[in-house]
Amino acid sequence: MSKKKEQMYALVEQWQKSQATKTDFCKAYQINIHTFTYWLQKYKKQKTVEGLSKGGEKFISLQLAKEEVLSAVRFELCYQNGVRLRVEGNCSISDLKSLLQIKL
């Protein structure tokens, strides 16, 4: 990790522990708010990826007795990385299973 990245991540963590608004924190540390927001987004993205790679998925297994088609079903799955899986209409269980196993 680069020195700049370490410094900015440390500031992000310090801000998260503080009661200060982002604006007040940036003024106190003389950081451009847009620069801080950039590093905050990078930090959050890295933490999300680390959580997923450590088995941080929060899915439960569904067991169905037989292959059936879900008719007129409408649902949406929202992944932590912002990807959305939206299914409307007919969808077989095997198709749904295939979609859920895709690595994002």
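The values are calculated or read from the model by the stated rules, or taken from the named source; none is laboratory data. Owing to the predicted nature of the structure, the values given are computational and were not obtained by experimental measurement. Note that we place each Cβ from the backbone using ideal geometry, even for glycine, and neighbour counts take in every protein chain shown.
List pairs: first in the stretch 72-95 and assigned to a strand (DSSP E or B), second among the acidic types (Asp, Glu) and surrounded by fewer than 11 Cβ atoms within 10 Å (Cβ to Cβ), Cβ under 7 Å, 6+ apart or cross-chain?
Arg74/Glu88; Arg84/Glu76; Leu85/Glu76; Arg86/Glu76; Ser92/Glu67
Restricting to the stretch 19-43, what's the tally of residues that are over 20 Å from Glu6 (Cβ atoms), among the β-branched types (Val, Ile, Thr) and in a helix (DSSP H, G or I)?
The total comes to 2.
Checking the conditions here, which among Val69, Val49, Val73 is under 18 Å from Glu6 (Cα atoms) and modelled with pLDDT under 75?
Working: Val69 fails: under 18 Å from Glu6 (Cα atoms); Val73 fails: under 18 Å from Glu6 (Cα atoms).
Only one candidate passes the filter, namely Val49.
State all residues of the stretch 81-95 that are of a type in the set (Ser, Thr, Tyr) and touching a strand residue (DSSP E or B) at 6+ places or on another chain (Cβ under 9 Å); if no residue qualifies, say none. Talk me through it step by step, then tell me what you get.
Going residue by residue through the stretch 81-95, those that are of a type in the set (Ser, Thr, Tyr) are 92, 94.
Ser92, the sole residue that qualifies.
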